[in-house]
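S.K.: Below is a structure I'd like to ask you about.
No value in this document is a laboratory result; all are computed from the given coordinates. Quantities reported herein were computed from a predicted structural model and do not represent experimental measurements. Ideal geometry is used to build each Cβ from the backbone, glycine not excepted, and the neighbour counts take in all protein chains shown.
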Amino acid sequence: MSLFNEYEFQKSVDRYKGDRHAIKFSCRDQFMVMSFAQFTDRSGLRDIETTLNLCGDLYRSGIKVMPKSTLAEANEKKDWRYTTAINLNRCLS
């Protein structure tokens, strides 16, 4: 996704220790899935999961298909401030 600088993104994730306990679902994966959900106007986790499963050719774009339980846990436990820092960096530049 070329809408944000990868270096600034990783710097923000490292600042808030976002990938501290991540095994398979990193902050970048979560950001990509949630951005996809926002761009496609999805309203819930089940809707996001169904859309990701139906769009099977998303691997090339960097979006991983994850079950809604994994996405729910990531949304609950990961620090949300890394996305705010990315948005502020985009607005200031």
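S.K.: As a test of the definition: which semi-axes, in Å, follow for the chain when you take the square root of five times each eigenvalue of its alpha carbon gyration tensor? Largest first, please.
M.R.: After diagonalising the Cα gyration tensor, the semi-axes are 22, 15, 12 Å.
S.K.: Another question, then. First measure r as the distance between the Cβ atoms of Arg46 and Ser26, then evaluate 1/(1 + (r/R0)^6) with R0 = 25 Å and state the FRET efficiency to the nearest 0.05.
M.R.: It comes out at approximately 0.65.
S.K.: A follow-up question, please. Where Lys and Arg each count +1 and Asp and Glu each count -1, what net charge lies around Arg42 among other residues with Cβ under 15 Å from its Cβ?
M.R.: That works out to -1.
S.K.: Quick one: dipole size for the chain, taken about the Cα centre, charges +1 on Lys/Arg Cβ and -1 on Asp/Glu Cβ, in debye to the nearest 20.
M.R.: About 220 debye.
S.K.: Could you give the length gained by full extension between Arg60 and Arg15, i.e. 0.36 nm per residue of separation minus their alpha carbon distance, to one decimal place?
M.R.: Residue separation times 0.36 nm, minus the Cα-Cα distance, leaves 13.4 nm.
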